[in-house]
Amino acid sequence: MTDIPINENIKSVLARIAKAAKDAERDPQDISLTAVSKTFPAETIELALQAGQRVFGENRVQEAQGKWPALKSVYPDVRLHLIGSLQTNKSADAVALFDVIETLDREKLAKSLAKAAADHGGCPDLFVQVNTGEEAQKGGLAPYEVVGFVDWCRSDLNMPIVGLMAIPPADEPPAPHFALLFELAAKAKLSRLSMGMSGDYETAVHLGATDVRVGSGVFGPRG
Ligand SMILES: *Cc1c(COP(=O)(O)O)cnc(C)c1O
């Protein structure tokens, strides 16, 4: 078990989100906290569930498969987000387990997810990941590709694209990246923006985030 006060952490993150929202003249209800539970065991996640948290993020399909089917059977209203890169050979597993996939970032994956969703009889909500810093090692579309890709996913594949997601470069101020994502979402006519992590979610809320992904701020440092 953990001695991290998860209940207190969640309250404090939600209070900071609400304050940032009010400062930005936004409705706090429009911002959802995704508690990033990657690397943490089911017993630790259970504490967050007992505290009332229902939206969680995992970055690996296999790790999530080991923890979440049992937790979801006890808490059926959980919304599980995939926030890590997805290989096409895991599409069917991802579609079966996750309620939201935030890392759609290429044509081949879109086609593979569309097929998996047809076989499954339903598609998770999808965010298109944008590589706002154009980093070579990072997943995501280049900013100039986003609008065309979103239109193609919607019209040709009939996919439920709900928003954009980005992970700004670790060594740069995040605000310009958040602002760019906001601008791209407006151009692509998307209403949700997944941006902001433990170190910068208040900045992200100021710049229009609707989904913030907070790991260590909820669960404490990862091993
Ligand atoms: C791990 C992770 C987070 C959470 O990071 P923290 O700094 O612990 O809040 C958010 N988003 C993604 C994509 C991650 O992989």
Number of positions in the range 34-63 that are within 14 Å of the ligand (Cβ to nearest atom), farther than 19 Å from Ala94 by Cα and either among the acidic types (Asp, Glu) or out of contact with any helix residue (DSSP H, G or I) (no Cβ under 6 Å at 6 or more places or on another chain) (or both)
1
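Kindly establish whether Gly208 is open to solvent by less than 40 Å² (accessible area, probe 1.4 Å), over 15 Å from Glu102 (Cβ atoms), touching a helix residue (DSSP H, G or I) at 6+ places or on another chain (Cβ under 8 Å) and more than 13 Å from the ligand (Cβ to nearest atom). Full working, then the answer.
Working: open to solvent by less than 40 Å² (accessible area, probe 1.4 Å): yes; over 15 Å from Glu102 (Cβ atoms): yes; touching a helix residue (DSSP H, G or I) at 6+ places or on another chain (Cβ under 8 Å): yes; more than 13 Å from the ligand (Cβ to nearest atom): yes.
So Gly208 fits the description; yes.
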Just to be sure I understand the filter: pairs with C-beta atoms under 9 Å, separated by 6 or more residues or on different chains, first member in the range 57-68 and under 14 Å from Gln87 (Cα atoms), second member open to solvent by less than 40 Å² (accessible area, probe 1.4 Å) and in a helix (DSSP H, G or I). Which pairs pass?
Val61/Ala94; Val61/Leu97
Quick one: is Lys72 free of Cβ contacts under 8 Å to residues at least 60 places away in the same chain and farther than 16 Å from Arg213 by Cα?
yes
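Kindly provide the set of residues from the range 92-136 that are over 19 Å from Arg213 (Cβ atoms), of a type outside the set (A, V, I, L, M) and either in contact (Cβ under 8 Å) with a residue 40 or more places away in the chain or within 16 Å of the ligand (Cβ to nearest atom) (or both), ordered by number. Steps first, answer last, please.
If we filter the range 92-136 for residues that are over 19 Å from Arg213 (Cβ atoms), which is where we start, we get 92-93, 95-96, 106-123, 134, 136.
Filter once more, so that each one left must be of a type outside the set (A, V, I, L, M): 93, 106-108, 111-112, 115, 119-123, 134.
Across the range 92-136, the qualifying residues are Glu107, Lys111.
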Can you tell me how many residues in the range 86-106 are open to solvent by 60 Å² or more (accessible area, probe 1.4 Å) and not in a helix (DSSP H, G or I)?
2
State the number of residues belonging to the range 20-39 that are in contact (Cβ under 8 Å) with a residue 24 or more places away in the chain and either buried (at least 19 other Cβ atoms within 10 Å of the Cβ) or in a helix (DSSP H, G or I) (or both).
10
Filter pass, Gln53 being farther than 15 Å from Gly220 by Cα and either assigned to a loop (DSSP other than H, G, I, E, B) or among the hydroxyl-bearing types (Ser, Thr, Tyr) (or both)
yes
Enumeration of residues in the range 64-88 that are within 15 Å of the ligand (Cβ to nearest atom) and of a type in the set (A, V, I, L, M):
Ala64, Leu80, Leu82, Ile83, Leu86
Count of residues meeting criterion [in contact (Cβ under 8 Å) with a residue 60 or more places away in the chain and either aromatic (Phe, Trp, Tyr) or over 22 Å from Ala110 (Cβ atoms) (or both)] in the range 149-196
0
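The values are calculated or read from the model by the stated rules, or taken from the named source; none is laboratory data. Keep in mind the model is a prediction, meaning the values are calculated, not measured. So basically every Cβ, Gly included, is an ideal-geometry build from the backbone, and we count neighbours across all protein chains shown. SASA here: full protein model, heavy atoms, side chains in, ligands and nucleic acids out. Shrake-Rupley method; radii C 1.70, N 1.55, O 1.52, S 1.80 Å.
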